[in-house]
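Enquirer: Could you have a look at this structure, given as structure tokens, before my questions?
The values are calculated or read from the model by the stated rules, or taken from the named source; none is laboratory data. Note that the coordinates shown come from a computational prediction; the quantities given were computed from them, not determined experimentally. Note that each Cβ is placed from the backbone with ideal geometry, even for glycine, and that neighbours are counted across all protein chains shown.
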Amino acid sequence: DPSKRKTVPDAYVEEERIKGGDGARWENDQLSEAIFHFGAKDRHDRNDDFALLLDEEIDFVQATALAGTEEKPVEVTAAERKKMSIEETRKSLPVYKFRKEFIEAVREHQVLIIVGETGSGKTTQLPQYLYEAGFADGGKRIGCTQPRRVAAMSVAARVADEMGTKLGGQVGYSIRFEDCTSDRTVLKYMTDGMLLREFLNEPDLASYSVMMIDEAHERTLHTDVLFGLVKDIARFRKDLKLLISSATLDADKFSKFFDDAPTFKIPGRRFPVDIFYTKAPEADYLDAAVVSVLQIHLTQPLPGDILVFLTGQEEIETVQEALIEKTKALATKIKELIILPVYANLPSDMQSKIFDPTPPNARKVVLATNIAETSVTIDGINYVIDPGFCKQNSFDARSGVEHLHVVTISKAAADQRAGRAGRTGPGKCFRLYTAWAYKHELEDQPIPEIQRVNLGNVVLLLKSLGIHDIVHFDFLDPPPQETLVIALEQLYALGALNHKGELTKLGRRMAEFPCDPQMSKMILASEKYQCSEEIITICAMMACNAAVFYRPKAMVIHADAARKSFWGAPIVGDHMALLNVYNKWKETNYSQQWCLENYIQHRTMKRARDIRDQLEGLLERVEIEPKSSTDSTTVRKAITAGYFFNCSKLDSAGHYKTVKNKHTVHIHPNSCLLEEMPRWLVYYELVFTSKEYMREVCEIESKWLLEVAPHYYKGQELEDPTNKKMPKQKGKSARELTGE
Ligand code: CDP
Ligand code: MG
């Protein structure tokens, strides 16, 4: 009933001032023909440098603009900002003026929805205001969740800086496999996934006085589950304050969900942003991005940094290389272009560089994933290049296959991206797609993650928290019924749930590990196969989720030879190869020099070692004594015990098909088994690029499937118990040779 809805006193709602951020407006469908020529009227007018650099050029058409706010933000150049003290910077943020009202609102209401544009100071300032107002007195903590690791780390570092303390002291962060907090920590930033795990140890979040669920608009799976959990505990913990903060203006949905909680709006301030579209669709958006960066750099005045949105590390590296290549030849003739990548797995020392002010006479180009859309704010950006894509995982409930796809972004995301150009001055956003595509091909809003991913993880966690009736859990948007059913079935097949859907002892132990159910199961199975030392090494190597090997262009032959030296004999799979890498590294006493000689990323290895140490601690917690095995069969059986869903078989035509759903898949070109082509495989995950690729594959014998998952596989499904390899002989057909 909307009439019962609580309203917040006018004192701290300045709704009429919020004009920016409401999306691109379509004045009319008649596109203006004003082609944006980057200042140079004609190709032939240009000097030689320009022609040398740019043999092609992209024509953009201006069609729309994001309106700015009436109150213009103060224009602060990078140099001026550098001179500003931390205190002055804090005071310059939009949220500063409303700090008193904010604290009053928190005192008055248990749940508050906070809305304010990205960069207004929600994440860094609000927890500090609460701290200053005494909300952390009496040994309580103020928590703040972030959907992304990088954001949790960088924000905590920033806040520690602002408070003049060391990171990990009063201000700390906690992300998976990395806890940078101490007993003294009162402001704790963490990923949403970590807070979910904290519920296992502290179901009522007793140590917190305030919990801020930040970036709520991102609607990540973990944030969505947190909504239901925190709403529940707020009912019996009247002293717990909840803040749900979001960068988008449609907070009504959050307000309704939290029993009509009032909304606290922080008026945003933004300069107008002109939006340009390509005149025609671009076939290669990476190439188009490179060209656009150079076009801007060569024609647009300084200062004014560029932000490019790409889908992942690989794309970022490709564009980075191309830019270095293209600017190298003219290094002395053009202004310096500082190229800075930002993505989730980037080492933290390199991440912090993006916040450094750009030196005069240079331009910064930040190549970022959609982490820079809302969770991280970079000052000084005047140009945004938006190819219109992001990486998204999705789960096909029918085939049970989980994918990482590159998909087109939503209109809401496109407008968020554009808005990043107008923070420190009027901006320009170049969309590498047509105005028609924006209007007709982009969805209005992104689909919440909970409605498109595998829920095994979350269901196991909820069961461990004693929530049995998952179907009726209080979801903001419920997941599809069939996805829930599949999750329950998979957990049953893994042995985590019994036939009544209750958590088993195995399931309880599995939930102790901050891993997917399959990986957790593999770890627990290593007890039986007496190879937990090897298995946690493999887990650690896979969990660091970053490239282990590097392949410099000039040294490809050497790098590939080094990589092959870890494949072992016989070659049985990528898991074993990763294990070999780790063990050899350990033999050298974790030497950096050795990594260098073998084209291995030392940083990735160090992280793997950290993760491994933590997994070792968790083994102790579930009372598994670490044992080591030199027999690859037992290790591979343990892998199979976790990953038996991900099983594929080579058919008579020489194609891999998943065993359960007969889905065609391919061995990833980087795999050591690419040429081996064993008959039976389990894989770690499927990635979809040009084809459906299995990443990290492991050769198995079909009879192991019956041993590790007798309730899941029937003998006749595995009708080829001979387990022969595909013969590579010519002449005879594969069919004759395998007898199929
Ligand atoms: O959360 P919200 O988007 O509202 O803003 P914020 O993340 O609190 O950022 C406020 C200001 O702090 C921005 O101007 C950022 O540039 C700055 N900041 C920073 O300098 N370094 C960080 N690691 C995070 C924020
Ligand atoms: Mg924020």
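Enquirer: Give the residue, chosen from Arg149, Arg184, that is among the basic types (Lys, Arg) and more than 16 Å from ligand 1 (Cβ to nearest atom).
Expert: Residue meeting the stated conditions: Arg184.
Enquirer: Output the residues belonging to segment 123-135 that are away from ligand 2 (no atom under 16 Å from the Cβ) and under 24 Å from the mean Cα position of the chain (by Cα).
Expert: Once the filter is applied, which keeps residues that are away from ligand 2 (no atom under 16 Å from the Cβ) and under 24 Å from the mean Cα position of the chain (by Cα), segment 123-135 yields nothing.
Enquirer: Next question, about the same structure. I'm trying to understand the selection: among the residues of segment 606-655, which are among the aromatic types (Phe, Trp, Tyr) and assigned to a loop (DSSP other than H, G, I, E, B)?
Expert: Correct list: Phe644, Phe645.
Enquirer: What residue, of His558, His575, His602, is of a type outside the set (Gly, Ala, Ser), touching a Cys at 6+ places or on another chain (Cβ under 7 Å) and modelled with pLDDT under 95?
Expert: His602
Enquirer: Of all residues being away from ligand 2 (no atom under 16 Å from the Cβ) and touching a helix residue (DSSP H, G or I) at 6+ places or on another chain (Cβ under 7 Å) in segment 107-122, which is farthest from Ala372 (Cα to Cα)? Just the residue, please.
Expert: So, considering only residues that are away from ligand 2 (no atom under 16 Å from the Cβ) and touching a helix residue (DSSP H, G or I) at 6+ places or on another chain (Cβ under 7 Å), the one farthest from Ala372 (Cα to Cα) is Gln110.
Enquirer: Checking the condition without any contact (Cβ under 8 Å) to a residue 40 or more places away in the chain and among the small types (Gly, Ala, Ser), which residue from Ala344, Ala329, Ala322 passes?
Expert: Ala322
Enquirer: Oh, and also: Just need a number here: residues in segment 198-232 that are among the hydroxyl-bearing types (Ser, Thr, Tyr), within 16 Å of ligand 2 (Cβ to nearest atom) and either outside any loop (DSSP other than H, G, I, E, B) or under 14 Å from Phe258 (Cβ atoms) (or both).
Expert: 1
Enquirer: Within the set of pairs 6 or more residues apart or between chains, which connect a residue that is of a type in the set (A, V, I, L, M, F, W, C) inside segment 80-91 to a residue that is modelled with pLDDT of 85 or more and surrounded by 12 or more Cβ atoms within 10 Å (Cβ to Cβ) with Cβ atoms less than 6 Å apart?
Expert: Ile86/Glu162
Enquirer: Quick one: which residue in Leu242, Leu226 is touching a residue at least 40 places away in the same chain (Cβ under 8 Å), away from ligand 1 (no atom under 13 Å from the Cβ), out of contact with any Phe, Trp or Tyr (no Cβ under 7 Å at 6 or more places or on another chain) and over 16 Å from Ala105 (Cβ atoms)?
Expert: That would be Leu226, the only listed residue that is touching a residue at least 40 places away in the same chain (Cβ under 8 Å), away from ligand 1 (no atom under 13 Å from the Cβ), out of contact with any Phe, Trp or Tyr (no Cβ under 7 Å at 6 or more places or on another chain) and over 16 Å from Ala105 (Cβ atoms).
Enquirer: Taking segment 113-142 only, how many residues are away from ligand 1 (no atom under 15 Å from the Cβ) and under 14 Å from Met211 (Cβ atoms)?
Expert: Within segment 113-142, residues that are away from ligand 1 (no atom under 15 Å from the Cβ) and under 14 Å from Met211 (Cβ atoms) number 4.
Enquirer: While we're here: For segment 180-198, check the following and say yes or no: at least one residue is in contact with a helix residue (DSSP H, G or I) (Cβ under 9 Å, 6 or more places away or on another chain) and over 29 Å from Thr165 (Cα atoms).
Expert: no
Enquirer: Moving to a separate point now. Could you list, in sequence order, the residues of segment 411-444 that are of a type in the set (S, T, N, Q) and within 18 Å of the chain's Cα centre (by Cα)?
Expert: Gln416
Enquirer: I'm trying to understand the selection: among the residues of segment 656-681, which are polar (S, T, N, Q), part of a loop (DSSP other than H, G, I, E, B) and buried (at least 22 other Cβ atoms within 10 Å of the Cβ)?
Expert: Ser671
Enquirer: Out of the residues in segment 138-151 that are at pLDDT below 95 and on the phi < 0 side of the Ramachandran plot, state the one that is nearest to ligand 2 (Cβ to nearest atom).
Expert: Ranking the candidates gives Ala151 first.
Enquirer: Could you check segment 592-610 and list, in sequence order, the residues that are surrounded by fewer than 21 Cβ atoms within 10 Å (Cβ to Cβ) and aliphatic (A, V, I, L, M)?
Expert: Leu596
Enquirer: Something else about it: If I filter segment 174-181 for residues that are surrounded by 19 or more Cβ atoms within 10 Å (Cβ to Cβ) and free of Cβ contacts under 8 Å to residues at least 24 places away in the same chain, do I get at least one hit?
Expert: Yes, the conditions are met somewhere in segment 174-181.
Enquirer: Contact list please: Cβ distance under 7 Å, first residue in segment 117-129 and within 11 Å of Val155 (Cβ to Cβ) and part of a helix (DSSP H, G or I), second residue of a type in the set (A, V, I, L, M, F, W, C) and near ligand 2 (Cβ under 8 Å from one of its atoms), pairs at least six apart or on different chains.
Expert: Thr123/Val155; Thr124/Val155
Enquirer: Right, something else. Tally up the residues in segment 492-510 that are of a type in the set (A, V, I, L, M, F, W, C) and modelled with pLDDT under 95, please.
Expert: 1
Enquirer: Looking at Ile233, Ile266, which one is aliphatic (A, V, I, L, M), over 23 Å from the mean Cα position of the chain (by Cα) and buried (at least 19 other Cβ atoms within 10 Å of the Cβ)?
Expert: The conditions single out Ile266.
Enquirer: On the basis of being charged (D, E, K, R), assigned to a loop (DSSP other than H, G, I, E, B), closer than 23 Å to Glu512 by Cβ and away from ligand 2 (no atom under 16 Å from the Cβ), does Asp179 make the cut?
Expert: So Asp179 does not fit the description; no.
Enquirer: State all residues of segment 459-512 that are touching a Ser or Thr at 6+ places or on another chain (Cβ under 9 Å), surrounded by fewer than 16 Cβ atoms within 10 Å (Cβ to Cβ) and assigned to a loop (DSSP other than H, G, I, E, B); if no residue qualifies, say none.
Expert: Within segment 459-512, just Asn498 meets the criteria.
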